[in-house]
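Read the structure below first, then the notes.
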Amino acid sequence: MSKVSILGTGCHLPERVIPNSYFEGIVDTSDEWIVSRSGIRERRMVLPGQAMSDLATPAAKKALEMAGVAPGELDLIVVGTSTADMLSPSCACMVQHQLGAKRAVAFDVNAACPGFIYGMAVAMRFIADGTYRRALVVGGEIVSQRIDYSDRATCVLFGDGAGAVVLGAQEGPAQGHILSTHIHSDGDLWELLYVPGGGSRIPPSHEMVDQRLGVVRMQGQEVFKHAVRALGEVAEEALAANGISSGQVDLFIPHQANLRIMEAVAKRLGIPLEKVVVTVHKYGNTSAATIPTALDEAVRDGRVKRGDLVLVASFGAGFTWGSALFRF
Ligand code: UT7
């Protein structure tokens, strides 16, 4: 089995910035409540007409440029998203088309917030067993189109974005490698966080829209408790599997849903907050995009250097959760 390296990272966030004050005008909320309960100050939102691949493709181009890999060299494209451009075909096929990555096999992974980690877990194995040499993994979401803007408990939390990595077989000691990925699911808990309408159970219709069924429904407090537990457990699982202590981790990138969740998980793991990447204050919860966008920012601003040990963990609807531990 080959070791698998992260050759490049990239991200793309929509230009439109939505501050908390916007929500003060449409629901009974306040900047103070949103900041104190979630840590979010603003988020990015696409313009009408923009679709998932319009964020995923520019993120992919930046990752390919950093990696020094041409689109034609890609063997595999995996996009972690639950908000693809269309119900069919996949967002990954749209990205393939926009990049001109003729040779690649392209498909989506629908695993909500950990979709990027699920995508990494899949792509990494294809490279490790020698099936493919170069893979693009994107995590992206346009959550702003799946929000009930009259529900103050959810509308203030989410944002749009995309992040990407290019993976390849390790070519020498100068390159780091992925030590492990761990992914889990518990479908018994689907009703705590879901979008009821728009699929085959409740297909799109006027009624579906009128009854606001095509939007996120979440039991926030319950999700919070499960997120803290599962993120802590799956991060510990990654460390234990590799015989690594939390003190050896150079940077921890948890799912960016709520600053209080991140603080609780970091405390449980004994990782100081200086080593935790936080972007939730400026992007909100971008679901599958939180990990790759935060990783790309940390790489580009020098917080992650070649050889650093990075732990990432995410949790979301399904429930699904997962972690990855890698030397960059
Ligand atoms: O990405 C997938 C994973 N998602 C998550 O991890 C999200 C997990 N959940 C959370 O982050 C938090 O539960 C929330 C940020 C969603 C909510 O924070 P909370 O501290 O759990 O608040 P709560 O739901 O217990 O609500 C407390 C109060 C309620 O009022 P009463 O019943 O005490 O009178 C809510 O109605 O806050 C009220 N409330 C709000 N007030 C002002 C709920 N949303 C708002 C709001 N502005 N936007």
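The values are calculated or read from the model by the stated rules, or taken from the named source; none is laboratory data. Just so it is clear, the model here is predicted, and its values are computed rather than measured. Cβ atoms come from the backbone with ideal geometry, glycine included; neighbour counts cover every protein chain shown. Please note that ligands, DNA and RNA were not included when accessible areas were found on the heavy atoms of the full protein model with its side chains. Shrake-Rupley method; radii C 1.70, N 1.55, O 1.52, S 1.80 Å.
Summary table below
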item: Residue among 189, 157, 193 that is buried (at least 19 other Cβ atoms within 10 Å of the Cβ), outside the structural domain of residue 134 (by TED's automatic domain parsing) and within 16 Å of the ligand (Cβ to nearest atom); result: 193
item: Answer from 257, 266, 227, 238 - the residue that is in contact with a Leu (Cβ under 8 Å, 6 or more places away or on another chain) and within 10 Å of the ligand (Cβ to nearest atom); result: 257
item: Pair list, Cβ under 9 Å, 6 or more apart: region 303-328 residue closer than 12 Å to residue 185 by Cα, other residue of a type in the set (Asp, Glu) and not in a strand (DSSP E or B); result: 318/186; 319/186; 319/188; 320/186; 321/186; 321/233
item: Matching residues, region 279-295, being away from the ligand (no atom under 14 Å from the Cβ) and more than 9 Å from the chain's Cα centre (by Cα); result: 282, 295
item: Filtered residues of region 24-44 (kept if more than 22 Å from residue 255 (Cα to Cα) and either open to solvent by 80 Å² or more (accessible area, probe 1.4 Å) or within 7 Å of the ligand (Cβ to nearest atom) (or both)); result: 24, 27, 28, 29, 30, 32
item: Positions within region 237-248 being outside any loop (DSSP other than H, G, I, E, B) and either surrounded by fewer than 13 Cβ atoms within 10 Å (Cβ to Cβ) or out of contact with any helix residue (DSSP H, G or I) (no Cβ under 7 Å at 6 or more places or on another chain) (or both), in sequence order; result: 237, 238, 240, 241, 242, 247, 248
item: Residue within region 197-207 that is crowded, with 16+ Cβ neighbours inside 10 Å and assigned by TED's automatic domain parsing to the domain that holds residue 318 present; result: yes
item: Members of region 139-163 that are β-branched (Val, Ile, Thr) and either out of contact with any helix residue (DSSP H, G or I) (no Cβ under 9 Å at 6 or more places or on another chain) or within 26 Å of residue 108 (Cα to Cα) (or both); result: 142, 143, 147, 154
item: Single condition residue 178 does not satisfy, out of (1) out of contact with any Lys or Arg (no Cβ under 7 Å at 6 or more places or on another chain); (2) closer than 19 Å to residue 149 by Cβ; (3) more than 16 Å from the ligand (Cβ to nearest atom); (4) open to solvent by less than 50 Å² (accessible area, probe 1.4 Å); result: (2)
item: Criterion (more than 10 Å from the ligand (Cβ to nearest atom), under 21 Å from the mean Cα position of the chain (by Cα) and of a type in the set (D, E, K, R)) met by exactly one of 212, 217; result: 217
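Quick grid of which residues meet (1) out of contact with any Pro (no Cβ under 8 Å at 6 or more places or on another chain); (2) aliphatic (A, V, I, L, M); (3) in a helix (DSSP H, G or I):
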| residue | (1), (2), (3) |
| --- | --- |
| 22 | yes, no, yes |
| 27 | yes, yes, no |
| 40 | yes, yes, no |
| 50 | no, no, no |
| 58 | yes, no, yes |
| 61 | yes, no, yes |
| 65 | yes, no, yes |
| 72 | yes, no, yes |
